[in-house]
Amino acid sequence: MITARLLVENHLETGDETLITKWLETPDSFLWIDMEAEISPAHHALLQGLGCDPAAIDTANRERHPPKVEEFEQTTLLLIRDFDSLDEELTLASQQLALFIGERLLITIHREHSAIVRSFLDRLKEAPEHLAHPGALALEIMHTASGRYLGAVLAFEDRLEVFEDALLVGSAENAMKKLVAYRSRLRILRRVFNYDKSLATEIVEGASRHLGRGTDEENTNYRQQRALYERCERVYSLCAMYYEICGDLVEGHISLSSHRLNSTMKILTIITAVFVPLSFLAGLYGMNFAYMPELANPYGYFIVLGVMASIAAGMLVLFRRIRWL
């Protein structure tokens, strides 16, 4: 499905690819074509006729490709990840969104419905003059997509506090399982947003004339580029920070568990150390020899019990002094 928006003298027209002819005949007009489909041979020819590089079209038609920005003779290709959803379990659903930016042209290509693109298409009805700046409009689309990621990632901070409390009470096992899963998903998000941060860096450094080059004085899109970079960098930093926090919580729980285990083993070791000499005496006098001098002593039983009690008490006092107890 192809949707088109044509701006002629601040008048916005809505239609399909039939508006391309009018755009070509009107030098001062601006055109936005939104293509929600896989690029067919007919679409390929249409895009090539609008000045899109054939290699860039093939790249845009791939189902998955790392975000990138590449300038060609007539247009610039901008590939980003279109946000579909990022739920509280940090399960990411997204699709590839390709943007071709020209001097008077903006083309967006995506395989499935894009809420972000649709919202901007509808927004043009109230502010059609935005279509007169295709590069700025493309930056705003990417900025909005990053903002939706930012909101979803920020919401995860409250869940981390819940898991931190859960590790200190009785429900640590379930919390550990979820933290390990979250850490794995945060690793994926960190990789995704690292691509976005690198892409924003290239844009700020002047990767394309269609998106703007130079500093604030000579580049009308410079502030948008800086805002985009700062947002992408913040999303990436948050994902990296939450990844580290999850790792710290997991390692902290393992350390606490090891400490509890060591305390338990220490007590068991002390008990074993106390009973070893007592077991030795019990084994010694449990031997079935016919002649054992102590057996004839009428007080032998009580003497042995006293010796055993003295040994146990002495060892407990010793362990107390060396701070084992």
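The values are calculated or read from the model by the stated rules, or taken from the named source; none is laboratory data. Predicted model, so just to flag it, every value in this text is computed and none were measured. Every residue, glycine as well, gets a Cβ built from its backbone with ideal geometry; the counts of neighbours run over all protein chains shown.
Exactly one residue among 141, 109 is under 22 Å from the mean Cα position of the chain (by Cα), surrounded by 17 or more Cβ atoms within 10 Å (Cβ to Cβ) and either assigned by TED's automatic domain parsing to the domain that holds residue 194 or under 26 Å from residue 30 (Cα atoms) (or both), and that residue is 141. Among the helices (runs of 4 or more DSSP H) confined to the stretch 104-185, the ones with at least 3 residues that are in contact with a Ser or Thr (Cβ under 7 Å, 6 or more places away or on another chain) are located at 115-123. A search for C-beta distances below 8 Å between a residue of the stretch 272-289 that is more than 19 Å from residue 319 (Cβ to Cβ) and any residue that is at pLDDT 80 or above and of a type outside the set (A, V, I, L, M, F, W, C), counting only pairs 6+ apart in sequence or on different chains, returns nothing. For the stretch 157-172, the criterion of a residue being out of contact with any Gly (no Cβ under 8 Å at 6 or more places or on another chain), surrounded by fewer than 18 Cβ atoms within 10 Å (Cβ to Cβ) and either polar (S, T, N, Q) or not assigned by TED's automatic domain parsing to the domain that holds residue 83 (or both) is satisfied by at least one position. Annotation for the stretch 302-311: no member residue is without any contact (Cβ under 8 Å) to a residue 12 or more places away in the chain, assigned to a helix (DSSP H, G or I), touching a Phe, Trp or Tyr at 6+ places or on another chain (Cβ under 9 Å) and not assigned by TED's automatic domain parsing to the domain that holds residue 163. Taking the stretch 200-227 as the range and being surrounded by fewer than 16 Cβ atoms within 10 Å (Cβ to Cβ) and modelled with pLDDT under 80 as the test, the residues that pass are 214, 215, 216, 217, 218, 220. Go through the residues of the stretch 48-57 one by one and say whether even a single one is surrounded by fewer than 18 Cβ atoms within 10 Å (Cβ to Cβ), more than 18 Å from residue 103 (Cα to Cα) and either out of contact with any Cys (no Cβ under 6 Å at 6 or more places or on another chain) or assigned by TED's automatic domain parsing to the domain that holds residue 112 (or both). Within the stretch 48-57, one or more residues are surrounded by fewer than 18 Cβ atoms within 10 Å (Cβ to Cβ), more than 18 Å from residue 103 (Cα to Cα) and either out of contact with any Cys (no Cβ under 6 Å at 6 or more places or on another chain) or assigned by TED's automatic domain parsing to the domain that holds residue 112 (or both). The residue that is farthest from residue 61 (Cα to Cα), counting only those in the stretch 1-35 that are of a type in the set (D, E, K, R) and either within 42 Å of the chain's Cα centre (by Cα) or exposed (fewer than 15 other Cβ atoms within 10 Å of the Cβ) (or both), is 9.
The residue that is surrounded by the most Cβ atoms within 10 Å (Cβ to Cβ), among those in the stretch 117-138 that are touching a Leu at 6+ places or on another chain (Cβ under 8 Å) and free of Cβ contacts under 8 Å to residues at least 40 places away in the same chain, is 120.
Residue 239 meets each of the listed conditions (1) surrounded by 12 or more Cβ atoms within 10 Å (Cβ to Cβ); (2) at pLDDT 85 or above; (3) over 25 Å from the mean Cα position of the chain (by Cα) apart from (3).
Tallying residues that are in a loop (DSSP other than H, G, I, E, B) and closer than 14 Å to residue 99 by Cβ within the stretch 194-214 yields 4.
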